[in-house]
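Bear in mind that the values in this text are calculations on the coordinates, not laboratory data. Small disclaimer: the values here were computed from a predicted structure and weren't measured. Virtual Cβ from ideal backbone geometry, glycine too; neighbours counted across all protein chains shown.
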Amino acid sequence: MDTIDVPREEMIERVATFTDLTRSVGGFPDRNVPGCERTLLDVIGFAPRKAPTSATSRPSPATVS
């Protein structure tokens, strides 16, 4: 297998640093239950839903593309 040499500057563009991560306290159905509070650190693009829905709701197969 060939090795690819990546310049340091290019590699640093793809490194997630703790201070730059977006934080979210929403997005979990049990977030309001005492003892279940937590903060999600966004590294790969998670975003909680804008409007809360039922914790058991799922998109119907017809709406998934």
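Per-structure values
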read-out: Where Rh is the Kirkwood radius over Cα pairs, Rg/Rh for the range 1-47; value: 1.23
read-out: J(HN,Hα) series, the range 20-37, from Karplus relation 6.51 cos²θ - 1.76 cosθ + 1.60, nearest Hz, glycine and proline x; value: 9, 6, 7, 10, 9, 9, x, x, 10, x, 9, 5, 9, 7, x, x, 10, 5
read-out: Theoretical gain in end-to-end length, MET11 to GLU37 [0.36 nm per residue, Cα-Cα removed]; value: 6.0 nm
read-out: Local electrostatic count, THR39, Cβ distance below 13 Å [Lys/Arg +1, Asp/Glu -1]; value: +1
